[in-house]
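What follows draws every value from the coordinates through simple rules; no lab data is involved. In this text, all values refer to a predicted model and were calculated from it rather than measured experimentally. Quick reminder, even Gly has a Cβ in these numbers, built from the backbone with ideal geometry, and neighbours come from all protein chains shown.
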Amino acid sequence: MKPWIHAENSVKKFGGEVDDYLDIHNWLDQTKAHFPDMRHRAILHSSFGIFLCEQVHGVSFKRKSDGKRVQVRDIAEHHVIEDMGFIPTIQDYLKDMPFYDWLGGKPKKKQRLKLDDLDQFVQKEIPSTDRGPSDWPPGIRVVD
């Protein structure tokens, strides 16, 4: 759905005029310019995108047409529900995404350790604690 149509629907639901809502709807659909199919929605059409929209446009705004205050989150939530049928989370989009190497490497494999294997991680000797600041390496100092 195009931002203008979203804005017309906002008028029906919240009152005011189309121009009162266009900035919010254009902001939510700005990713179409970079990925012009329905997958563009994965960027801002989520609970995360709705909260970003609120950070950018404020918690509420006064409509230019009549000065009435409207909550930005209500407008953004309505937009996302119109497009998606519900408000997805980031997890909904990413849960089946593969771990590409360019994301920072493949996930580490989990290893099961036996108690005997933990010996390599346990310190065998406890160092003496009677060494004072005079024995410490240069650059270390005590701060009161």
In nm, the gap between the two label points placed 7 Å beyond Cα toward Cβ at Lys109 and Val59 is 5.1 nm
Note on segment 3-94: C-alpha Rg/Rh, Kirkwood Rh, two decimals, gives 0.96
Net charge near His6 (other residues with Cβ under 9 Å of its Cβ; Lys, Arg +1; Asp, Glu -1) is -3
